[in-house]
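Below: the structure, in structure tokens.
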Amino acid sequence: MNSFTRRFARTARVARTMLATTQSLSHTPPRSVYTRAPTAHSIHRTYASDAGFTNPSALARQAHDAMSLGTSALTQGNAQQAQTHLEHALQLHPTSDAHYNMGICQYMLKNIDCAIEHWKKSVQMDPK
């Protein structure tokens, strides 16, 4: 088997696994574009950003800041640090975007069931 065939077979296995994992959901998470077999460095992802944030309370502001730090850690591939910040954001002020990013974080940490639960919560909070 040549190297192309091995890479193709591996990519197909990964795609089947990801499809089986996400078929149980009522929408199409994650909001990511996978360009090849998922590793920490080979995935192009789009994260939720709370761009339309308008809540003026101090608690919501702290949650937004924690969400930003968590999103930044995800972008850098540091899932452990992202989990800490996103847990803090979810404790202060749970949002759809925070649950979505926590789902990505849990997926990166190989906690697939927990990731799916966070994605479901994200959709329940904001079904768009």
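Couplings 3J(HN,Hα) of segment 79-93, computed from phi: 5, 5, 5, 4, 4, 4, 5, 5, 4, 4, 4, 5, 5, 6, 7 Hz, in residue order, whole Hz [Karplus 6.51 cos²θ - 1.76 cosθ + 1.60, θ = phi - 60°; x for Gly and Pro]. Note on segment 71-123: Cα-Cα pairs beyond 18 Å make up 19% of the total pair count. With 0.36 nm allotted per residue and the present C-alpha distance subtracted, the residue 57-residue 84 stretch has 7.5 nm of extension available.
If you plug the beta carbon distance of residue 112 and residue 72 into 1/(1 + (r/R0)^6) with R0 = 30 Å, you get a FRET efficiency near 0.80.
Throughout, read-outs are computed from the coordinates displayed, never taken from laboratory work. The structure displayed is predicted, hence computed values, not measured ones. Reconstructed Cβ throughout: ideal geometry from the backbone, glycine too, with neighbour counts over all protein chains shown.
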